[in-house]
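Enquirer: Structure incoming, see below.
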Amino acid sequence: MQLASLSGNLLYFSFVAYLVATLFFGGAVKGAKTQESYKNNRWRKIAISITIIGFITHLGYFITRWIASAHAPVSNMFEFITAFAMMVVGAFILLFFLYRTPSLGLFALPLAVVMIGYASMFPRELTPLIPALQTHWLTIHVITAAMGEAILAISAVAGLVFLLKNIDLTKRSKQRFWLESVMFTLILVVGFILSSSTFAIMGYEAKFTYINKNEQTAQIVYNYPPLFGMNEYESLTPDKMTPLAEMPPIVNAKTLTTFVWSVATGIVLYLLLRLILRRPIAALFQPFAKKANSEVMDEIGYRSVLIGFPVFTLGALVFAMIWAHEAWSRFWGWDPKEVWALITWLFYAAYLHLRLSRGWEGEKSAWLAVIGFIIIMFNLIAVNLIIAGLHSYA
Amino acid sequence: MSKIKCQCGHENPFGTVLCEQCGRPQTDEARESKLIDMRYEGSARRSQTYKRSIVDKIWNFFSSVKVGINIIIAVLVTSAIGTIFPQKLFVPATTEADIFAYYEKHYGFAGTLYYKLGFYDMYNSWWFIILIGMLGTSIIIASVDRVIPLYKSLKKQRTKRHTSFLKKQRIYAEGVVADSNSSFDKAEEKLKELRYNVKIEEGALLAEKGRFSRWGPYVNHTGLIIFLFAVLLRTLPGFYVDETVWLREGETRAIPGAPGYYLKNNDFIIETYSKEEDAAFGQAIDRVGTIVKNFQSDVTLFKDPEGGLPGQSEQMEFVKDYSITVNNPLNFDGFNVYQMDYRLNELKSMTFQLMEKTTDKSFGEFTVDLLNPERLYELNEGAIVELLEFYPDFDGVEDGEPVTKSPIPNNPAFIFNMVTTAKPEGEKSFVAIRQTLETNVNDYEVKFVSAETRDITGLVVRKDKTLYLLLLGGIIFMIGVAQGSYWNHRRIWIQKGDGNELVLAGHTNKNWFSLKKELDKVKLYADLPQYEDRQETKFDDDGKKGDKS
Ligand code: HEM
């Protein structure tokens with residue numbers, strides 16, 4: 001148990017390190033007057049050093065947790081997302097040393113920070129492995145797939161920097177709208193983290209029994225004030241809020257409640273920010289992207305897909321098929337999770353082919369990279385929590 | 001069609017854009033453009049050359065990357081639609097009517113529509129299969145269209161290129177240096193140090209590396225085609241076996257799909273995590289409840305003896321003992337047997353005793369094997385119990401007759417005839433769980449004593465002859481993508497002009513930054529004219545685009 005708490009502290013340390021490093025990358029970008037000093041200044045060196053220290057402690061978290069639970073810590077949402085965040089930082093470090101541009105760090109590290117924050121909203125205790133997961137293929141498959149996805153994520157970061165730099169935010173346009181939508185989505189994630197941790201700190205709990213899809217009685221605990229009730233719910237904690245509406249059995253009202261709370265918090269947060277700033281949120285970040293070189297960002301975007309695509313293929317398709325063959329007797333079963341890995345793969349294949357034709361560099365590529373990341377996140381979050389949730393009604 | 005003869009004397013195939021040997025542009029378009037398209041070295045591709053007949057049109061359609069991308073996107077979108085609601089495969093219903101009812105009940109109108117449009121079985125639908133077929137066709141045609149001319153022109157390229165070829169490269173420099181001969185020699189030295197393959201001919205230098213990476217896409221497409229071919233093979237009969245077998249503890253059965261092999265289930269085990277043994281997981285166990293640690297079937301594999309008659313199970317030969325767990329299938333002779341499912345506590349046998357009602361006197365116990373019940377049970381003092389009828393899965397009475405739902409002993413019921421010396425003609429009694437019916441009032445009764453249960457394991461038997469082909473396709477694909485992604489084909493041309501003039505050009509199929517970095521190193525060492533990247537300022541003309549900070 002001591003190892004487990006050491007592991008938690010290491011992760012906490014990395015979280016802080018990434019925050020601090022972000023500030024230094026900000027300094028490196030802001031402080032630079034010319035391209036030359038932009039490339040070579042003290043802030044940048046400090047920033048990357050702190051990033052590497054954070055990465056090492058993150059790795060320390062990963063290893064100690066591995067030892068404590070005796071299996072690779074990639075077996076539930078918390079573990080997977082923190083590992084993914086670690087690999088995003090790793091991929092960033094790799095591309096930083098190839099291209100040495102601090103603008104990338106300024107956006108990649110906050111992404112890692114948000115991810116760790118998001119991951120921490122899920123149960124954090126060590127969980128044992130169910131029989132299907134007891135194999136080295138799990139470790140190999142998940143780690144390789146996450147590595148591939150992390151490298152692909154850097155492409156989206158580069159794309160975002162490119163877009164922030166090149167889209168004119170003073171005029172109304174489709175591009176401005178969509179860029180702002182991306183910002184809005186990020187704020188929704190922050191909304192989830194905020195609302196979830198608020199109720200967690202308050203220790204909110206509302207318990208219900210309900211009748212599930214298979215017409216059996218089951219129990220469920222909400223950590224948010226229940227806006228929606230499960231099918232034929234009955235409260236076990238009558239002093240807590242009564243749900244506003246009852247859902248049919250196929251809808252997981254608890255997930256829906258969490259979702260609505262997070263979105264509502266996100267919207268409030270977004271509107272507040274807009275009121276205070278009096279301009280699009282993207283405009284807040286734009287100055288930080290201005291010093292970036294669009295050529296370099298485009299190149300990083302393409303290069304990271306080139307580096308990440310083979311790794312992703314190996315992890316998310318080849319190793320996944322081998323494992324599925326060992327565990328479930330078939331290498332492919334059209335399960336939603338598998339299909340979404342295939343979709344991700346096809347998407348990046350399309351990206352690579354589009355790059356072969358003229359006119360797809362720059363802004364179009366940048367958009368594609370951002371969409372690719374959205375697909376990856378969709379597979380990680382929505383497919384796990386919503387689509388798969390329909391089948392395995394937990 | 002006639003060949004195109006270049007000024008340099010080389011005869012190029014019809015349709016060539018850049019001379020295979022010297023690189024001179026052969027078409028007006030290529031002559032006029034500022035930068036030439038180097039992707040396929042300006043070689044004569046069938047799709048760009050022949051456009052008349054139907055065959056040409058089909059060829060050109062499938063060889064277009066745009067069409068290819070559209071097919072990929074179409075597969076992507078249909079796949080995604082298939083995940084909106086669960087596929088037929090995951091729906092707990094077997095008949096079409098039940099399946100339809102399921103979608104209607106759970107997803108309302110959207111579900112009805114989903115069913116009606118056939119999206120509930122997306123991945124087996126004819127249009128999905130056609131899309132995959134088109135994808136395969138496109139990959140094959142597009143690759144053949146390009147790889148052959150590309151191979152030829154890369155092989156034939158000469159070291160010395162015409163200046164019109166060099167002038168139209170993205171990286172280009174011309175200028176006078178202090179001593180062109182020394183610069184030339186030093187450049188050669190440095191380029192070799194950077195692991196370029198350097199060739200020199202009449203004051204011209206060609207440094208090349210990573211040409212093999214150009215074959216990456218074709219290698220990976222070959223892998224994909226092999227994979228798709230293997231998937232196609234699986235649909236033919238005989239290429240793969242997929243059977244389910246339920247084995248009770250203690251039972252031996254022929255393995256379906258694997259003639260001559262038998263499997264005995266010695267024991268089925270479920271283990272769960274306990275807080276004592278797995279202390280680290282205490283919290284999780286508290287939160288979730290039971291978490292399964294292991295599903296395991298301890299089995300023994302037998303086979304028919306060599307040369308023996310099949311099916312004579314007394315003569316089975318022992319092959320091996322094995323513990324099948326979820327990630328460890330039993331392997332033999334190309335077959336795999338997987339742990340897939342289980343049922344616990346099926347009734348195995350029931351033990352009764354025959355009693356005289358008034359005195360509670362027992363004539364002894366007898367045990368009915370519920371799978372192979374015997375007809376007669378001889379007890380003490382000459383008493384006999386005869387099993388007249390047996391209903392393994394008793395489901396009430398229809399038309400005055402008891403009926404059974406299935407042959408599985410879920411709810412056994414019996415009609416016994418109890419014969420004793422006092423009642424030699426016997427008394428009849430209907431016995432089911434927690435109930436006894438008698439037509440007349442009997443003196444004797446059969447009383448339930450105990451029951452024995454056992455577990456059943458659900459195993460899946462698979463044999464897949466295409467597995468190695470699939471794996472081969474996967475490996476070739478991986479080699480191809482790595483080859484094309486992690487290496488680049490870089491070329492640098494340096495040619496001496498009049499006096500101390502030098503001309504330099506560079507090309508790479510991707511990753512221009514690394515090419516430029518290497519060129520910088522060469523330039524620093526060898527004193528070369530400063531090159532220009534004619535695409536550098538494509539995006540950034542800073543200042544113009546509203547920087548408000
Ligand atoms: C899922 C299917 C496919 C995958 C995974 C795939 C994969 C790839 C990859 C990884 C590359 C290398 C890209 C690069 O290095 O930038 C490539 C190149 C290429 N692919 Fe595909 N491909 C697929 C389908 C297709 C289809 C349907 C076509 C049909 C037009 C096609 C035509 C090409 C061409 C023409 C190239 C460029 C070859 C070259 O540069 O010499 N691919 N493909």
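Enquirer: Just from its helices, what would the mean residue ellipticity at 222 nm be for chain B, if runs of 4 or more DSSP H residues each count -39500 (n - 2.57) and the sum is divided by every residue, rounded to the nearest 500 deg cm²/dmol? Before the final figure, lay out each step's value.
Expert: Numbers: 12 runs with 168 residues, N = 549.
Helix-only estimate at 222 nm: -10000 deg cm²/dmol.
Enquirer: Moving to a separate point now. Keeping all protein chains in the complex and leaving out DNA, RNA and ligands, what accessible area do you get for B:Arg287 with a 1.4 Å probe, in Å² to the nearest 10?
Expert: Number for this one is 130 Å².
Enquirer: Measure up B:Lys51/B:Lys167; A:Lys171/A:Lys364; A:Lys337/B:Lys463 against 22 Å on the Cα-Cα distance and list the ones that go over.
Expert: Working: B:Lys51/B:Lys167 31 Å; A:Lys171/A:Lys364 19 Å; A:Lys337/B:Lys463 25 Å.
Violating the 22 Å limit, Cα to Cα: B:Lys51/B:Lys167; A:Lys337/B:Lys463.
Enquirer: Report, as an integer, the average count of C-beta atoms from other chains found within 10 Å of each Cβ along B:269-275.
Expert: Values: counts 0, 1, 1, 1, 4, 0, 0.
Across the residues of B:269-275, the mean count of other-chain Cβ atoms within 10 Å is 1.
Enquirer: If DNA, RNA and ligands are ignored and the probe is 1.4 Å, what is the ranking of A:Val16, B:Val368, A:Val311 by accessible area, most exposed first?
Expert: Details: A:Val16 60, B:Val368 0, A:Val311 25 Å².
In descending accessible area the options line up as A:Val16, A:Val311, B:Val368.
Enquirer: On to the next question. Could you list the residues of the range B:133-154 with an amide nitrogen less than 12 Å from a label point located 7 Å from the Cα of B:Val231 in the Cα-to-C-beta direction?
Expert: Answer for the range B:133-154: B:133-137.
Enquirer: Past the 23 angstrom mark, what percentage of all C-alpha to C-alpha distances in the range B:216-347 do you count?
Expert: Working: 4699 of 8646 pairs.
Of the Cα pairs, 54 percent sit more than 23 Å apart.
Enquirer: Next question. What quantity of accessible surface, computed with a 1.4 Å probe and excluding non-protein components, is buried in total between chains A and B, in Å² to the nearest 100? Working shown, then result.
Expert: Working: alone 19280 and 31420 Å², together 44690 Å².
Its buried surface, counting both partners, is about 6000 Å².
Enquirer: Continuing with the same structure: Report the Cys residues of chain B lacking a disulfide-compatible partner, meaning no second Cys Cβ under 4.7 Å from their Cβ.
Expert: Taking the Cβ cut-off of 4.7 Å, chain B has no unpaired cysteines at all.
Enquirer: Could you tell me which of rounded, prolate or oblate describes the range A:193-289, using a ≥ b ≥ c as the square roots of the eigenvalues of the alpha-carbon gyration tensor, with rounded for a/c under 1.5 and, failing that, prolate when a/b is larger than b/c and oblate otherwise? List each step's numbers first, then the result.
Expert: Numbers: a/c = 3.39, a/b = 2.49, b/c = 1.36.
Note, shape of the range A:193-289 comes out prolate.
Enquirer: Where only protein heavy atoms count, and the probe is 1.4 Å, what is the accessible area per residue for the range B:46-154 in Å²?
Expert: 52
Enquirer: Please report, in whole Å, how far the alpha carbons of the range B:1-153 spread along each principal axis, starting with the longest.
Expert: 76, 30, 24
Enquirer: Once R0 is set to 35 Å, what does the formula 1/(1 + (r/R0)^6) return for the Cβ-Cβ distance between B:Thr453 and B:Thr94, expressed as a FRET efficiency to the nearest 0.05?
Expert: It comes to 0.80.
Enquirer: Which of rounded, prolate, oblate describes chain B, given a ≥ b ≥ c as roots of the alpha-carbon gyration tensor eigenvalues and a/c under 1.5 marking rounded, otherwise prolate only if a/b is larger than b/c?
Expert: On the way: a/c = 3.39, a/b = 3.18, b/c = 1.07.
Prolate is the answer for chain B, as a/c is 1.5 or above and a/b outweighs b/c.
Enquirer: Quote the FRET efficiency, to the nearest 0.05, computed for B:Thr358 versus A:Thr209 with a Förster distance R0 of 45 Å and r equal to the Cβ-Cβ distance. Present the calculation step by step, with values, prior to reporting the outcome.
Expert: Working: r = 50 Å, r/R0 = 1.12.
E(calc), rounded to 0.05, equals 0.35.
Enquirer: Expressed as a rounded percentage, what relative contact order does chain B have, with Cα pairs under 8 Å and six or more residues apart?
Expert: On the way: 982 pairs, mean separation 99.8, N = 549.
Across chain B, relative contact order equals 18 percent.
Enquirer: Can you give the accessible area of A:Arg279 in Å² (nearest 10), computed on protein heavy atoms with a 1.4 Å probe?
Expert: 110
Enquirer: Starting from the residue with the highest accessible area, list A:Arg44, B:Arg375, B:Arg534 in decreasing order, probe 1.4 Å. Walk me through the intermediate numbers first.
Expert: On the way: A:Arg44 15, B:Arg375 140, B:Arg534 60 Å².
Order by accessible area, largest first: B:Arg375, B:Arg534, A:Arg44.
Enquirer: Magnitude of the Cβ-charge dipole of the range B:46-154, K/R +1 and D/E -1, about the Cα centre, nearest 20 debye? Numbers along the way, then the final one.
Expert: Details: 10 positive and 6 negative charges, 144 e Å.
Once rounded to the nearest 20, the dipole reads 700 debye.
Enquirer: Still on this structure, I have one more. Which value, in debye to the nearest 20, describes the size of the charge dipole of the range B:348-453 about its Cα centre when Lys and Arg Cβ atoms bear +1, Asp and Glu Cβ atoms bear -1, and nothing else is charged?
Expert: About 240 debye.
Enquirer: When all protein chains stay in place, what accessible area (Å², nearest 10, 1.4 Å probe) is found for B:Thr439?
Expert: Accessible area of B:Thr439: about 130 Å².
Enquirer: Relative to the longest principal axis of chain B, what angle (0 to 90°, nearest 10) does the C-alpha long axis of helix B:512-526 take?
Expert: Helix B:512-526 sits roughly 40 degrees off the main axis of chain B.
Enquirer: Counting only other chains, and only Cβ atoms inside 10 Å, what mean value do you get across the residues of A:348-357?
Expert: That average works out to 5.
Enquirer: A further question on this structure: Can you classify chain A as rounded, prolate or oblate using the Cα gyration tensor, where a ≥ b ≥ c are the square roots of its eigenvalues, rounded means a/c under 1.5, and otherwise it's prolate if a/b beats b/c and oblate if not?
Expert: Numbers: a/c = 1.59, a/b = 1.37, b/c = 1.16.
Because a/c hits 1.5 or more and a/b exceeds b/c, chain A counts as prolate.
Enquirer: In whole percent, what relative contact order does chain A give with Cα contacts below 8 Å and a gap of six or more residues? Mind showing how you got there, number by number?
Expert: Working: 566 pairs, mean separation 73.3, N = 394.
Once normalised by length, the contact order is 19 percent.
Enquirer: If you don't mind, another one. Going down the table (B:Lys423/B:Lys447; B:Lys155/B:Lys465; A:Lys240/B:Lys88), which pairs top 29 Å between alpha carbons?
Expert: Details: B:Lys423/B:Lys447 18 Å; B:Lys155/B:Lys465 39 Å; A:Lys240/B:Lys88 40 Å.
Pairs exceeding the cut-off: B:Lys155/B:Lys465; A:Lys240/B:Lys88.
Enquirer: Next question, about the same structure. What value, in deg cm²/dmol to 500, does the helix sum -39500 (n - 2.57) over DSSP H runs of n ≥ 4 give at 222 nm once divided by the residues of chain A?
Expert: Details: 14 runs with 266 residues, N = 394.
After summing the helix terms and dividing by the residues of chain A, the value is -23000 deg cm²/dmol.
Enquirer: Once neighbouring chains are kept in place and the probe is 1.4 Å, which whole percent of the accessible area of the protein assembly as shown is contributed by carbon and sulfur? Walk me through the intermediate numbers first.
Expert: Values: 26410 of 44690 Å².
Accessible surface attributable to carbon and sulfur in the protein assembly as shown totals 59 percent.
Enquirer: If you keep only loop residues by DSSP, which trypsin sites (Lys or Arg not before Pro) in the range A:156-204 have at most 10 other Cβ atoms within 10 Å of their Cβ?
Expert: Values: sites: A:Lys165, A:Lys171, A:Arg172, A:Lys174, A:Arg176; in loops: A:Lys171, A:Arg172.
Listed in order of number, the matching sites are A:Lys171, A:Arg172.
Enquirer: Follow-up. Given R₀ = 45 Å, FRET efficiency for B:Trp126-A:Lys364 by Cβ-Cβ distance, to 0.05?
Expert: On the way: r = 34 Å, r/R0 = 0.75.
Computed FRET efficiency for B:Trp126 and A:Lys364: 0.85.
Enquirer: Something else: Ranked by accessible surface with a 1.4 Å probe, highest first, in what order do A:Val161, B:Val17 come?
Expert: Numbers: A:Val161 0, B:Val17 50 Å².
Correct descending sequence by accessible area is B:Val17, A:Val161.
Enquirer: After finding the eigenvalues of the alpha carbon gyration tensor for the range A:300-351, what semi-axes result from the square roots of 5 times each, listed largest first in whole Å?
Expert: Values: eigenvalues 115, 27, 7 Å².
So the three semi-axes of the range A:300-351 are 24, 12, 6 Å.
Enquirer: So for the range B:1-44, averaging the separation of alpha carbon pairs under 8 Å that are six or more residues apart and normalising by length, what relative contact order in percent results?
Expert: 33
Enquirer: Quick one: of B:Lys152/B:Lys516; A:Lys165/B:Lys190; A:Lys291/B:Lys160; A:Lys213/B:Lys116, which pairs are farther than 32 Å apart, Cα to Cα?
Expert: A:Lys165/B:Lys190; A:Lys291/B:Lys160
Enquirer: While we're here: Fully extended, how many nm does the chain gain between A:Leu273 and A:Arg42 (0.36 nm per residue separation, minus their Cα-Cα distance)? Write down the numbers at each step before the final one.
Expert: Details: separation 231, 0.36 × 231 = 83.16 nm, distance 3.24 nm.
Once the chain is fully extended between A:Leu273 and A:Arg42, it gains 79.9 nm.
Enquirer: Sticking with this one: What is the distance, in nm, between label points placed 7 Å from the Cα along the Cα-to-Cβ direction at B:Asn70 and at B:Arg253?
Expert: Here the modelled spin labels are 5.2 nm apart.
Enquirer: Just the Cα atoms of the range B:348-453: what Rg and Dmax do they give in Å?
Expert: 13.3, 38
Enquirer: Partner chain Cβ atoms within 10 Å, averaged over the residues of A:119-128 - can you pull that number for me?
Expert: On the way: counts 0, 0, 0, 0, 4, 2, 9, 7, 9, 11.
That average works out to 4.
Enquirer: I'd like the Kirkwood hydrodynamic radius of the protein assembly as shown, using the inverse of the mean 1/r over distinct C-alpha pairs, in Å. Intermediate values should be presented prior to the final figure.
Expert: Working: mean 1/r = 0.0299 Å⁻¹.
By the Kirkwood definition, the hydrodynamic radius is 33.5 Å.
Enquirer: What Rg and what Dmax come out for the range B:1-44 when only alpha-carbon atoms are used, in angstroms?
Expert: That works out to 9.6, 29 Å for Rg and Dmax.
The values are calculated or read from the model by the stated rules, or taken from the named source; none is laboratory data. Note that the structure is a prediction, hence the values are computed from the model and not measured. Glycine also receives a Cβ, built like all others from the backbone with ideal geometry; neighbour counts cover every protein chain displayed. Calculation scope for accessible area: heavy atoms of the full protein, side chains included, ligands and nucleic acids excluded. Shrake-Rupley method; radii C 1.70, N 1.55, O 1.52, S 1.80 Å.
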